[in-house]
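> One structure follows; several queries about it will come next.
The values are calculated or read from the model by the stated rules, or taken from the named source; none is laboratory data. Fair warning: this is a prediction, and the values are worked out from it, not measured in the lab. Cβ placement follows ideal geometry from the backbone for every residue including glycine, while neighbour counts extend to all protein chains displayed.
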C-alpha cells in the first residue's frame with residue numbers, strides 16, 4: 001500500500017508491504033525491514049534493520065502525530081496515496097509542480113482545464129468515474145497547465161498521467 005508521509009517539513013511517498021507480521025518500507029530507492037509491536041498504552045517497540053527502538057506516539061491536531069524516538073521528536077502525518085489523490089493533493093501543497101495521476105482505474109467524465117490555463121490550489125482539474133462514483137481531482141499548486149493527457153470518455157488505468165501543472 002502506498003502512503004504520503006509528512007515528517008516535520010519534508011513530505012515523501014512511502015510504499016508499505018506487510019510480510020508475515022512484519023513490514024517492508026520502500027522510501028525512494030531505499031528499502032527498510034520493520035517489526036513493530038503496538039501496546040494499548042505507552043511506547044511501541046520497533047525493530048529496524050536489527051536495531052531496537054521505543055517510540056512514543058501521541059495524536060496532535062489536524063490528523064498529525066508527535067513521535068519521539070531515541071531522544072528525537074518529530075511531527076508526522078500519514079495519508080493513503082489514493083485518498084490524497086482523491087482530495088487533489090499531489091506533492092507538497094502550494095508550491096512546485098503537480099503531476100496528477102489516476103489513483104484507480106476508471107473513466108474520465110470531465111476535464112475542467114486546458115493547456116495554458118492558470119490554476120490555483122483547489123481549482124477543479126478532472127472528474128473520474130470509478131466504481132459508479134464520480135471523483136473530482138483538484139489542483140494542489142498554483143501554476144500553469146502544461147499537459148492534459150486525457151479527454152472525456154477516455155478509460156484510464158491506475159497510475160496513468162492525467163494532467164501536469166508547472
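> Keeping to segment 10-50, report how many residues are in a strand (DSSP E or B) and more than 17 Å from the chain's Cα centre (by Cα).
The qualifying residues number 18.
> Give all pairs with beta carbons closer than 8 Å in which a residue from segment 29-55 that is without any contact (Cβ under 8 Å) to a residue 24 or more places away in the chain and assigned by TED's automatic domain parsing to the domain that holds residue 65 meets a residue that is exposed (fewer than 14 other Cβ atoms within 10 Å of the Cβ) and not in a strand (DSSP E or B); count only pairs at least 6 apart in sequence or on separate chains.
If the second residue must be exposed (fewer than 14 other Cβ atoms within 10 Å of the Cβ) and not in a strand (DSSP E or B), the pairs left are 32/49; 33/49; 35/21; 44/38; 45/39; 53/70.
> So, residue 20, is that one over 16 Å from residue 77 (Cβ atoms) and without any contact (Cβ under 8 Å) to a residue 40 or more places away in the chain or not?
Judged against the criteria, residue 20 is a match.
> Of the numbered conditions (1) under 19 Å from residue 79 (Cβ atoms); (2) out of contact with any strand residue (DSSP E or B) (no Cβ under 9 Å at 6 or more places or on another chain), residue 30 satisfies every one except a single condition; which is it?
All conditions are met except number (1).
> Having 3 or more residues that are over 15 Å from the mean Cα position of the chain (by Cα) and modelled with pLDDT of 90 or more is the bar; report the strands (runs of 3 or more DSSP E) wholly within segment 67-153 that clear it.
By residue number, 72-80, 106-111, 124-130, 143-148.
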